[in-house]
Each structure stands twice: as structure tokens, then as C-alpha cells.
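None of the figures in this text is laboratory data; all of them are computed from the coordinates on show. This structure is a prediction, so every number in the text was calculated from the model and none was measured. Ideal geometry is used to build each Cβ from the backbone, glycine not excepted, and the neighbour counts take in all protein chains shown.
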Amino acid sequence: MSNNGSVFDAMLQEFGIAAKLIGLEPGIWKTLTHPKRQVIVSCPILMDDGHVEVFTGFRVQYNIALGPAKGGIRYHPGVTLDEVKALSAWMTWKCALAGVPFGGGKGGIICDPTTMSKRELESLTRRYISEIVDMIGPDKDVPAPDVNTNEQTMAWIMDTYSMHVGVSTTAVVTGKPIIMGGSLGRREATGRGVMITVREAAKHLGLDLKKCTVAVQGFGNVGSVSADLIQKEGGKIVAVTDWKGGVQNAKGLDVTKLIAWTVEHKTVAGFPGGEPLDPSKIFEMDVDIFVPAALENQITMETAPKIKAKIVAEGANGPTTPDAHQSLHARGVFVIPDILANSGGVTTSYFEWVQDRHGYFWEEAEVNQRLEKKMMEAFDNTLQTSLKYKTDMRTAAYIVAITRVAEVTKLRGMYA
Ligand code: NAD
């Protein structure tokens with residue numbers, strides 16, 4: 001059950017387990033395991049020192065049966081087409097499970113944003129969007145932030161697209177600044193969704209969240225908000241790591257102060273409210289809940305046996321390899337799969353898209369209330385399916401998602 005490092009193969013393995021359980025017909029199986037469209041672009045950029053660098057970018061629209069493709073754009077040196085394909089497939093299942101009318105897409109550029117100036121990042125973003133401008137749009141494909149992209153990146157994307165089509169088009173992208181059509185609550189939505197699923201999982205397992213200790217890997221948008229909101233629900237955050245270092249405190253870290261420290265120092269390392277922690281030790285922390293919120297392929301056959309947590313809530317996409325997932329499940333660890341745990345982001349992106357298209361914006365309390373309802377429905381659907389099929393939550397989540405996409409694919413029929 002190894003995926004040999006290919007995250008797309010990992011996705012196919014997860015898909016296959018669920019598809020087999022529901023007896024998915026071979027034609028639909030084939031259709032749903034092939035990306036609809038994959039685009040690779042080259043982006044020449046004039047760097048600040050006067051030399052020209054050429055960056056490679058990807059955009060994959062995996063499936064659009066349920067609606068426009070939806071999915072973030074990642075800036076990272078390790079981006080590959082394989083990774084973008086997997087992430088776009090996960091978006092397809094995530095949107096279907098969340099019950100939002102979107103298909104799945106994803107984008108990425110191979111670059112190291114930590115070494116680039118703001119002007120270089122703006123040029124790269126605009127050039128990349130110019131290259132894929134015909135693919136995207138509110139009814140076609142709606143990007144969003146992912147690793148190393150943020151509200152500012154989304155503002156540049158919205159502007160570049162709008163300049164090309166000659167109309168200010170806020171709904172082309174989600175995760176925008178509030179002042180230009182973003183939704184209240186969107187920045188916190190993924191972490192809020194993680195918190196809701198953790199809370200519900202604890203309830204299901206008969207654990208009192210107020211007595212639970214928590215470790216978090218990755219302290220960006222998802223990790224920091226998850227930590228903050230789980231702490232507000234009574235959980236004790238005792239360990240946090242990021243790409244540069246880590247910090248631990250058995251009495252509980254002050255998450256508000258840790259966020260302020262991270263904004264200033266760009267890392268949790270050196271935070272005075274705890275002891276230093278080697279990032280590789282995050283897996284072996286003696287905690288009740290572990291939230292991987294960094295990148296994929298973190299929980300492997302090497303790290304999975306070290307995990308002592310009773311709940312693993314996948315804030316990140318694809319943090320667990322299929323074989324490691326099997327081993328966690330076999331040991332009775334309750335894994336809340338990525339396509340459920342982190343679906344709060346895309347759910348609130350859907351709310352943002354709806355608000356942009358209406359030109360009418362909701363109060364934050366309304367956004368959060370609607371998110372709570374959608375997350376509870378998705379969690380409950382997944383849990384009930386897992387009980388019905390006597391299977392784990394990941395397979396159950398895939399069953400719900402695949403069933404919905406397969407049904408619409410059949411209803412739409414084959415256009416040939
Ligand atoms: P981010 O760039 O804001 O944060 C990423 C964090 O991970 C940073 O703290 C970084 O230092 C840390 N990190 C990177 N490599 C690491 C390593 N090897 N060990 C420990 N920490 C490491 O990104 P994000 O938006 O928080 O996304 C994190 C994950 O969540 C990704 O898998 C992303 O696809 C997924 N996700 C994000 C959203 C969203 O709304 N932002 C929604 C759904 C899923």
C-alpha cells in the first residue's frame with residue numbers, strides 16, 4: 001500500500017478502496033480517476049537584480065461535474081504536476097462532501113517565495129494568471145489561497161483577470177481582502193472547520209475536549225487558527241512546530257502570544273513561552289489530539305507508529321500516506337480525513353463567491369453559523385456512512401463524495 005512518494009497515487013489508492021466498497025461501475029471509475037484538464041505554463045520574470053528567471057506553473061481542473069473548478073494556488077519549491085493533480089482531485093471530493101456546487105481544481109508555481117521580493121511575487125502572479133486567463137472565471141474555475149499565497153496574491157489575481165476581461169470581477173477568486181469582496185470569516189474558516197470536526201470527534205469518542213492536550217504541525221493559516229479555536233473550546237495546545245523549529249509547554253502555550261510572535265519572527269522558533277522542540281519530535285508527543293497542518297506525506301510508516309494521539313485531524317491536504325493511515329486505523333486512532341477536516345475553507349469560499357455574485361455581504365456571525373451547519377452535516381454524513389459500511393472516516397468521506405459526483409456524471413451523460 002505504499003504510494004512511492006506519489007501523492008496522486010495515494011489519492012488513487014484512497015479512491016479505489018471506497019469505489020470498490022460501493023461497487024462503482026467501471027466507466028465512472030475510469031472517468032473519475034482522470035483529470036479533465038492539465039496545463040503547464042512558463043512564466044519569464046524580470047528579477048530585481050536585472051536577470052530573467054523562468055518559473056513553471058500548473059493549473060489542473062480535475063472534475064467539473066458539480067460546477068466550476070475550485071481550488072487554491074500554491075507557491076513552493078517542491079510543487080510538481082503529480083502534487084497539483086492530487087490536490088485538484090481532493091478538491092473534487094471535498095466540494096462534493098461539503099455539499100457546495102463546485103468541481104475540483106488546483107494550481108501551483110515552482111518557486112521559493114521566501115527568497116523573492118514583493119514586486120517579484122506580484123510579477124510572477126500576474127504573468128501566471130495571464131497564461132491561464134482563458135481557463136479561469138467565476139463560472140469556470142475559481143482559485144483561492146494555499147501554501148505561501150494569501151489575500152494580497154488573490155487581490156493581484158482578481159486585478160489581472162479583471163484587466164484582461166475589462167470588467168471588475170470579484171467572484172473570479174476567493175480569499176480576497178474583505179474590502180474588495182472577500183468574506184468575513186474566510187481567513188479563519190479552515191481552522192474553524194478543523195475545530196468543529198475535532199469537537200465533534202471528541203464528542204463521538206466520549207472525550208472531554210477541556211481535558212485534551214493538542215499538538216499542531218505547521219503554524220500558518222490553518223495551524224494557527226485551528227490551535228487558537230481549539231484552545232478557545234478548552235483544549236490545551238502543548239506543542240507546535242513549523243518549517244524552522246518548534247516550541248512546547250506541558251502547561252499549555254499561549255496561542256495568542258504565539259501568533260503575535262510568529263507574525264513578527266516568521267517562525268514559532270524562539271518563542272519565549274515554552275521550551276524549544278525539534279520539529280521531527282511533533283509526531284511522538286504524548287497528546288490526545290494531533291493536527292498536521294503543514295504539507296502532505298508527513299505521517300508515514302516511519303512516523304505513524306510514534307503517534308500517541310487518539311484523534312488525528314488532517315488540517316493539511318494529504319498529510320498521511322495510505323499505508324500509514326491503515327496502521328493508524330488498525331491501532332484505533334480516529335482520523336478525521338483532510339477532505340472533511342479542512343473543508344471549512346472551501347465552504348466559506350463558496351459563501352464568498354455567492355456574496356460576490358449577489359453584491360450583498362453577510363455579517364460574520366451569519367457566515368460562521370452557516371459554516372457550522374455545513375460542517376456538522378458533512379461530519380454527520382461521514383460518521384453515519386462509516387458506521388453503515390463499518391469502515392474508517394476517510395473511506396466513508398470518499399464514499400459520500402464519489403456517490404454524489406458519480407450520480408451527477410450519470411445524469412449529465414456522456415457527451416461524445
Ligand atoms: P501556510 O503557508 O499559511 O502555512 C504552512 C505552515 O506549515 C507554515 O507554518 C510552515 O512553516 C509549515 N511547514 C512547512 N513545512 C513544514 C515542515 N516540513 N514541518 C513543519 N511545518 C512545516 O499554509 P496553509 O494555508 O496553512 O496550508 C497548510 C495546509 O493546509 C496545506 O496542506 C494546505 O493545502 C492545506 N489547506 C489550506 C487551506 C486554507 O484555507 N489555507 C484550506 C484547506 C487546506
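Summing +1 for each Lys or Arg and -1 for each Asp or Glu among the other residues whose beta-carbon sits under 13 angstrom from that of L46 gives -2.
Report the trypsin sites (Lys or Arg not before Pro) located in region 199-280 that are in a DSSP loop and have at most 10 other Cβ atoms inside 10 Å of their Cβ, or state none.
Working: sites: R199, K203, K210, K211, K232, K236, K244, K251, K257, K266; in loops: K244, K251, K266.
The qualifying sites are K251.
Pairs of Lys residues in region 188-341, spaced 8 or more positions apart or belonging to different chains, with C-alpha separations under 15 angstrom: 19 in total.
Neighbour counts of other C-beta atoms within 10 Å: give me E120, E372, E188 arranged from fewest to most. Don't jump to the answer; show the numbers that get you there.
Values: E120 19, E372 14, E188 24.
Arranged by neighbour count, lowest to highest, E120, E372, E188 become E372, E120, E188.
Residues considered: H204, H325, H76. Largest GNM mean-square fluctuation over the chain, using C-alpha springs under 10 Å, is found at H204.
Distance between the 7 Å Cα→Cβ label points at I178 and E372: 1.9 nm.
Note on the chain: GNM, Cα springs under 10 Å; of K106, K373, K85, the largest mean-square fluctuation is that of K373.
Ignoring lysines fewer than eight residues from K410 along the same chain, the ones with Cα atoms less than 19 angstrom from its Cα are K20, K30, K36. For region 45-182, lysine pairs with C-alpha atoms less than 16 angstrom apart, excluding pairs fewer than eight positions apart on the same chain, total 9. If you take all other residues with their beta carbon under 12 Å from the beta carbon of E366, and give Lys and Arg +1 and Asp and Glu -1, the sum is -1. Each stretch of four or more DSSP H residues adds -39500 (n - 2.57); spread over every residue of the chain, this sum gives -14500 deg cm²/dmol at 222 nm. Of the beta bridges in region 213-337, as assigned by DSSP with both residues counted there, near 25 percent are antiparallel. For the chain, a Gaussian network of Cα nodes joined below 10 Å ranks G245, G16, G50 by mean-square fluctuation, and the top entry is G50. Taking the DSSP bridge list for the chain and keeping only pairs wholly inside it, about 45 percent are antiparallel.
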